[in-house]
Amino acid sequence: MTISASPFKQRLGQDGQWRERLLQKLRTFERWLADRGLLDMPSRQRLQQLQEKAISEKITVAFVAEPGRGKSALINALFFWHYGQNVMPSVPGKLAQCPMELTWNPLRAVGIYLLPIATRQQTDTLADWRQRENAWVHLPLDLHSADSVATAIACVTETVRVSGEQAQLWGLRSQGEVDDMPAGVVDVPKWRHAVVNFPHPLLKKGLVILDIPGLHAIGAEPEQTLELLPQAQAVVFMLGMDTGLAASDLSLWNHALLTHLDSIGLRLVVLNKADLMWEDAQHQGMEHMAVRQHCESVAQTLQIPVAHVVPVAAQKARTARVQRDSSLWQASGLGRLEAILVDGLLDKRQQLFSSLLHRHVLQVQQHVAQQLQVRIRHNTQQAIEMADLQGQNKQAMYSVRIRMARERQVFETSVAQVRAARAQQQKLLNKLFQQLGTSAVKKHLHALAEAVQQPVPPHARDWDWLYAQAFQHLQQVLQASQQQAEAMRTTLAQVLERLNQSGHFLLDEPTPPDLREFCNDLQKIADSHRAAFAHGTIAALQWRESGTRLLATLGMRVRSVFEAAANELELWSKTNMASLDVQLRARRQNFVARGKTLTRIQQADVGLEKRLVQIRQRFDALKQDERLLHTMVHAVLQAPPPQMAADAVPQGHIVAEATASAAEPSQQPLTP
């Protein structure tokens, strides 16, 4: 059975088609620039970055819940209902022991990849282990058998019995817990992380599903939560209508979600098992007032908008899809949840990508337009010289050569200034790279690294002070880098002004670099990790082992911010210097062309009138390129992303429509 159309499939399909069209336009634009010699390295980098993002950008949705809330049932109803049975493990007493990631990579074999728990003996991050394919256990999947897929995925529920000492070495039990265990053995998760590489139609279109278990798994490896959740563009936090917001749910929210959503856009709370509130067996409606009160109570406790609390009946939704029962489907509320997720995810994703697209393409346009202006200027200069030579007056020819010699002398002086400016800029840039390098991150996290190597945690006040000091120093590094980049810009602007005054260049004042985005990212990382290092969060674990892993994850994320800042500064510097290099080459080529023209005129190899015609034709071609540049940029930027249908659910009316939908005729077919 094929998967019927759904908001996910429809919008992801539209988004993929839009990106493919945009990709073709970017490639056409890049070839057009290359054919005219207008594509330098910074412009190529910007266009290729856009193309790579258009091809490979993923949409990640994370599902987080305590056991018994129906998380697996919801994922089955949303994505795997067509198998006719549960694919995600959904058996009481069989709890997922590790996070699971469902994705599609055509370069890897179909199957489930499992990271053994023994790898906890090392302090490498999950990102490090992803690079070591041999460390993972691969189990193939039979795509023609739902039982095979379900059995393989059920591996995430497996545990293994080890000695208390081994569990303690892995940081999975505290010393006190080990002493209390009979016979000195404990059950621990068999796997740390699972990646299911599966050619599901939605996964092939770029969707990634993160299944993150409750506190029993997150508490064992809090560093994985810190590493995984920032990847998600949306988080669905599951609650049960029967349990409400229990103490364990609130603890999961506070420890895993509240302080760790530093890069997450959409955050929804799903109240599952809404069918418990239905009035009768015919499923004709829901107790609207009771459901609304539940939603308002949860929203008030979690301090989120009530519009972000959505009631659903996941099991009923899956049954409705399998049996094609449209009334039951409408009552389940899952169609509304799908629409909300799709709207929130894709609209935000397209907004961010469109912003990046406009910024990069307009920067390329500005740079290329400047190159064309320089070429037009040189062409006009040649036209004036040729007009002065009409009649082939020897004195006029001599005067032109004298003027060219003086111009070349001034030009060579300018070349020396450019070389000196380039050397100075590179020296300052290298200093920035050192400030933002890996060794700098280690230096400022060194005090924290020493603290986590102690056998017992430091006093909370002492740790908070060390933590605050570390991030204060890291912020100062970014601020110092911003100031140094500003100094680079000021120095370069002075050089460009002198070059423009020489009459041989047409250079714009460099735009100032802006590292505020990276300062904000660093602050978000500091906030998200602060709670994870709280002693209550990892008190049940070995301070040294768990603290070391948390610090490794922290260091990885800080390094990524510093690397991104360094890359931004490098691209900024390259773009500024590229304008100089382009105009230097153009000016040098102009001297060569003018000299050859004069020589050929003197030798009567080419008529003056013929040369003037060529120059005018060249001028017309350059002006045509200016118009084409504007047209092509307009074509790239005016390709609108697909929009949701006119009857999409407004964000402010999520709960009102979800709770009232059971009493209304279905506006969304079961299988569009």
**Asked** Which one of the conditions (1) assigned by TED's automatic domain parsing to the domain that holds residue 210; (2) closer than 20 Å to residue 231 by Cα; (3) touching a Phe, Trp or Tyr at 6+ places or on another chain (Cβ under 7 Å) does residue 62 fail to meet, given that it meets all the rest?
**Response** (3)
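Would you confirm, using the coordinates I've provided, whether residue 482 is assigned to a helix (DSSP H, G or I) and touching a Pro at 6+ places or on another chain (Cβ under 8 Å)?
Values: assigned to a helix (DSSP H, G or I): yes; touching a Pro at 6+ places or on another chain (Cβ under 8 Å): yes.
In short, yes.
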**Request:** Mind listing just one residue for me: the one in segment 164-177 that is modelled with pLDDT under 75 and in a loop (DSSP other than H, G, I, E, B) and, of those, surrounded by the fewest Cβ atoms within 10 Å (Cβ to Cβ)?
**Result:** 174
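Determine if segment 342-354 includes at least one residue that is in the same structural domain as residue 25 (by TED's automatic domain parsing), under 26 Å from the mean Cα position of the chain (by Cα), surrounded by 16 or more Cβ atoms within 10 Å (Cβ to Cβ) and among the aromatic types (Phe, Trp, Tyr). Talk me through it step by step, then tell me what you get.
Of segment 342-354, the ones in the same structural domain as residue 25 (by TED's automatic domain parsing) are 342-354.
Keeping just the survivors that are under 26 Å from the mean Cα position of the chain (by Cα) gives 342-354.
Pick out the ones that are also surrounded by 16 or more Cβ atoms within 10 Å (Cβ to Cβ) and you get 342-347, 349-350, 353.
Pick out the ones that are also among the aromatic types (Phe, Trp, Tyr) and you get 353.
Yes; the residues of segment 342-354 include at least one that is in the same structural domain as residue 25 (by TED's automatic domain parsing), under 26 Å from the mean Cα position of the chain (by Cα), surrounded by 16 or more Cβ atoms within 10 Å (Cβ to Cβ) and among the aromatic types (Phe, Trp, Tyr).
Step by step: first the residues of segment 34-47, then only those that are free of Cβ contacts under 8 Å to residues at least 24 places away in the same chain and either hydrophobic (A, V, I, L, M, F, W, C) or in contact with a helix residue (DSSP H, G or I) (Cβ under 8 Å, 6 or more places away or on another chain) (or both), then the one that is farthest from residue 367 (Cα to Cα). Which residue is that? Steps first, please.
Step one: list which residues in segment 34-47 are free of Cβ contacts under 8 Å to residues at least 24 places away in the same chain, which gives 34-35, 37, 39, 44.
Filter again for either hydrophobic (A, V, I, L, M, F, W, C) or in contact with a helix residue (DSSP H, G or I) (Cβ under 8 Å, 6 or more places away or on another chain) (or both), leaving 34, 39, 44.
Numbers: 34: 14, 39: 10, 44: 12 Å.
It comes out as 34.
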**Complete:** Over segment 85-107, the set of residues at pLDDT 85 or above and surrounded by fewer than 24 Cβ atoms within 10 Å (Cβ to Cβ) is 101, 103, 104, 105, 106, 107
**Request:** Might you check whether a residue that is assigned to a helix (DSSP H, G or I), surrounded by fewer than 16 Cβ atoms within 10 Å (Cβ to Cβ), modelled with pLDDT of 85 or more and on the phi < 0 side of the Ramachandran plot occurs anywhere in segment 565-582?
**Result:** yes
**Message:** Cβ-Cβ distance below 6 Å, separation of 6 or more or different chains: which pairs start in segment 554-583 with a residue that is more than 18 Å from residue 511 (Cβ to Cβ) and end on one that is part of a helix (DSSP H, G or I) and charged (D, E, K, R)?
**Reply:** 561/521
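Count, please, the residues in segment 184-210 that happen to be touching a Lys or Arg at 6+ places or on another chain (Cβ under 7 Å), in a strand (DSSP E or B), of a type outside the set (S, T, N, Q) and closer than 30 Å to residue 17 by Cα.
1
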**Asked** Cβ-Cβ below 7 Å, separation at least six or inter-chain, first residue in segment 409-422 and within 16 Å of residue 494 (Cβ to Cβ), second among the polar types (S, T, N, Q) and at pLDDT below 85: which pairs?
**Response** 414/502
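Conditions (1) at pLDDT below 85; (2) under 30 Å from residue 370 (Cβ atoms); (3) more than 26 Å from the chain's Cα centre (by Cα), marked per residue:
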| residue | (1), (2), (3) |
| --- | --- |
| 25 | no, yes, no |
| 30 | no, yes, no |
| 37 | no, yes, yes |
| 50 | no, yes, no |
| 65 | no, no, no |
| 83 | yes, no, yes |
**Message:** Condition first: within 30 Å of residue 48 (Cβ to Cβ), of a type in the set (Lys, Arg) and either assigned by TED's automatic domain parsing to the domain that holds residue 71 or part of a helix (DSSP H, G or I) (or both). Can you find one or more residues in segment 268-280 that meet it?
**Reply:** no
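For residues in segment 61-113 being of a type in the set (Lys, Arg) and in a loop (DSSP other than H, G, I, E, B), which is farthest from residue 324 (Cα to Cα)?
Residues of segment 61-113 that are of a type in the set (Lys, Arg), as a first pass: 69, 71, 94, 108.
Checking which are in a loop (DSSP other than H, G, I, E, B) leaves us with 69, 108.
Values: 69: 25, 108: 35 Å.
Of everything passing the filter in segment 61-113, 108 is farthest from residue 324 (Cα to Cα).
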**Asked** If you go through segment 276-297 one residue at a time, how many are crowded, with 21+ Cβ neighbours inside 10 Å and at pLDDT 50 or above?
**Response** 3
**Request:** Kindly list, by first and then second residue, each pair from a residue in segment 328-341 that is at positive phi to a residue that is among the hydrophobic types (A, V, I, L, M, F, W, C), limited to pairs with Cβ atoms under 6 Å and residues at least 6 apart or on different chains.
**Result:** 333/312; 333/658
**Message:** So, residue 224, is that one surrounded by fewer than 20 Cβ atoms within 10 Å (Cβ to Cβ) and touching a residue at least 12 places away in the same chain (Cβ under 8 Å) or not?
**Reply:** no
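Given the criterion among the polar types (S, T, N, Q) and assigned to a helix (DSSP H, G or I), identify the matching residue among 123, 151.
None of the others qualify; the one that does is 151.
Which ones in segment 306-365 are β-branched (Val, Ile, Thr) and touching an Asp or Glu at 6+ places or on another chain (Cβ under 6 Å)?
From segment 306-365, those β-branched (Val, Ile, Thr) are 306, 309-310, 312, 319, 322, 340, 342, 361, 364; that's our starting set.
Hit for segment 306-365 is 306, nothing else.
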**Item:** Options 130, 161; residue that is surrounded by fewer than 18 Cβ atoms within 10 Å (Cβ to Cβ), among the basic types (Lys, Arg) and under 18 Å from residue 196 (Cβ atoms)
**Value:** 130
**Message:** Give me the residue from segment 610-634 that is at pLDDT below 90 and of a type in the set (A, V, I, L, M) and, out of that set, nearest to the chain's Cα centre (by Cα).
**Reply:** 615
**Prompt:** All but one of (1) farther than 14 Å from residue 561 by Cβ; (2) at pLDDT 90 or above hold for residue 507; which doesn't?
**Reply:** (2)
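If you scan segment 227-258, which residues turn out to be in contact with a helix residue (DSSP H, G or I) (Cβ under 9 Å, 6 or more places away or on another chain), more than 21 Å from residue 341 (Cβ to Cβ) and touching a residue at least 40 places away in the same chain (Cβ under 8 Å)? Full working, then the answer.
Of the residues in segment 227-258, the ones in contact with a helix residue (DSSP H, G or I) (Cβ under 9 Å, 6 or more places away or on another chain) are 227-230, 233-245, 248, 250-258.
Still in the running and more than 21 Å from residue 341 (Cβ to Cβ): 227, 242-245, 248, 250-251, 254-255.
Residues satisfying the conditions are 227, 243, 244, 245, 248, 250, 254, 255.
For segment 483-526, which residues satisfy the criterion of being closer than 30 Å to residue 459 by Cα and surrounded by 14 or more Cβ atoms within 10 Å (Cβ to Cβ)? Walk me through how you get there before you give the answer.
At the first step, the residues of segment 483-526 found to be closer than 30 Å to residue 459 by Cα are 519-526.
Selection gives 519, 521, 522, 523, 524, 525, 526.
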**Failed item, numbered, when residue 31 is tested on (1) surrounded by fewer than 18 Cβ atoms within 10 Å (Cβ to Cβ); (2) closer than 29 Å to residue 266 by Cα; (3) out of contact with any helix residue (DSSP H, G or I) (no Cβ under 8 Å at 6 or more places or on another chain)** = (2)
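The values are calculated or read from the model by the stated rules, or taken from the named source; none is laboratory data. What you see is a predicted model; the values in this text were computed from it and never measured. Note that we place each Cβ from the backbone using ideal geometry, even for glycine, and neighbour counts take in every protein chain shown.
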